[in-house]
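S.K.: Can you keep this structure in mind? I'll have questions shortly.
Read the figures in this text as sums done on the coordinates, not as results from a lab. Just so you know, these numbers come straight off a predicted model, no measurement behind them. Glycine also receives a Cβ, built like all others from the backbone with ideal geometry; neighbour counts cover every protein chain displayed.
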Amino acid sequence: MKVILVESVAKVGEPGETVEVADGYARNYLIPKRLAVPADQASVKQLAHRKREIERQQAKRLQQAEHMAERLDATLVTVRAKAGEAGRLYGSVTPTDIAQELENQHGVAIDRHNIELPDAIKVLGEHEAIVRVGPEKRVRLRVVVEAPQEEKPEESETGQEVEPEGAP
C-alpha cells in the first residue's frame, strides 16, 4: 500500500515521502497512529502544502537546536554526590541527575534521554557528557562532580557551638 508519511518513521522514511509498505503495517500501525495517510489523489495534492509546512517546522527545529547548542557550549554543571574517602561515589551520576542540575543551575530543560555519558561517572572530578540538541547536532557539556558540603555547627557570639533547635 502506498502511504504518505506525516511523521518520521524509523527504517521507513521521513515526513512528506511517499513510500510503499505492507498493507497490514499501514492499516494497523501507521494510519491509526497518524504517522501516515493513504496516498490517494486528495492526499497527494495536500502533499505539496504539507511538504512546505514540514520544511518550515524542520527549519524552526534546526534554529532552536543551534540556539540551544550556543547556550550549552561553554556550560559547566556541578553535581553534588556522596562519596567515600578515596573519591569514589556511592552509586553513580546519571543523565537524570545531570538534566535536573542543568535545569536548576542554568534554567535549560533537556530530556534525560538526550544526554549521553561516554563512561559511567563514579568518581569525583570533572567529566564530559554529550547532549543531543538536534537530529545531527551534539554539544559537549562539562560536568563537575563534588562531594556535598557538610554543614558546620553554628557558633554563638562567645565562640561556643550552639545545639540546633529540637536536638536532644
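S.K.: Once you sort the root eigenvalues of the Cα gyration tensor of the stretch 2-67 as a ≥ b ≥ c, which label holds: rounded (a/c under 1.5), prolate (a/b larger than b/c) or oblate (the other case)?
M.R.: oblate
S.K.: Still on this structure, I have one more. Would you mind checking the tilt of helix 41-73 against the longest principal axis of the Cα atoms of the chain, expressed as 0 to 90 degrees and rounded to 10?
M.R.: 20 degrees
S.K.: Please name which of Ala99, Gln58, Pro118 has its Cα lying farthest along the dipole of the chain towards the positive end, using unit charges on Cβ (Lys, Arg +1; Asp, Glu -1) and the Cα centre as origin.
M.R.: In the chain, that residue is Gln58.
S.K.: Using R₀ = 22 Å, calculate the FRET efficiency as 1/(1 + (r/R₀)^6) where r is the Cβ-Cβ separation of Glu55 and His113; round to 0.05.
M.R.: With R0 = 22 Å, the Cβ-Cβ based efficiency is 0.30.
S.K.: What's the angle, to the nearest 10 degrees (0 to 90), between helix 95-106's Cα axis and the longest principal axis of the chain?
M.R.: Compared with the principal axis, the helix lies near 80 degrees.
S.K.: Would you grab the residues whose amide H sits under 5 Å from the one on Gly16? Only those 5+ places off in sequence or on another chain, please, with H modelled 1.01 Å from N.
M.R.: For Gly16, the qualifying residues are Leu5, Val6.
S.K.: Then there's this: Evaluate the charge dipole of the chain about its Cα centre and quote only its size in Debye, nearest 20, assuming +1 on the Cβ of each Lys and Arg and -1 on the Cβ of each Asp and Glu.
M.R.: That gives the chain a dipole magnitude of about 1740 debye.
S.K.: Can you tell me, using C-alpha contacts under 8 Å and at least 6 residues apart, the relative contact order of the stretch 2-67 as a whole percent?
M.R.: For the stretch 2-67, the relative contact order is 32 percent.
S.K.: So how far, in whole Å, is the C-alpha centre of the stretch 25-88 from the one of the stretch 121-145?
M.R.: When both Cα centres are located, 20 Å separates them.
S.K.: Taking amide H positions as placed in the peptide plane 1.01 Å from N, state which residues far from Thr78 in sequence (5 or more) or on other chains have amide H under 5 Å from it.
M.R.: Answer set, sorted by chain and number: Val144.
S.K.: Tell me the label-point distance for the pair Asp23, Thr96, using the 7 Å Cα-to-Cβ offset, in nm and rounded to one decimal.
M.R.: 4.6 nm
S.K.: I want to verify a result. In a Gaussian network model of the chain, Cα cutoff 10 Å, which of these has the top mean-square fluctuation: Asn104, Asn114, Asn28?
M.R.: Asn28
S.K.: Hey, in the GNM for the chain with a 10 angstrom Cα cutoff, which one of Arg27, Arg61, Arg142 fluctuates hardest?
M.R.: It is Arg27.
S.K.: Do the sum for the chain: with -39,500 (n - 2.57) for every DSSP H run of n ≥ 4, divided by all residues, what is the mean residue ellipticity at 222 nm, to the nearest 500 deg cm²/dmol?
M.R.: Result for the chain: -9500 deg cm²/dmol, rounded to the nearest 500.
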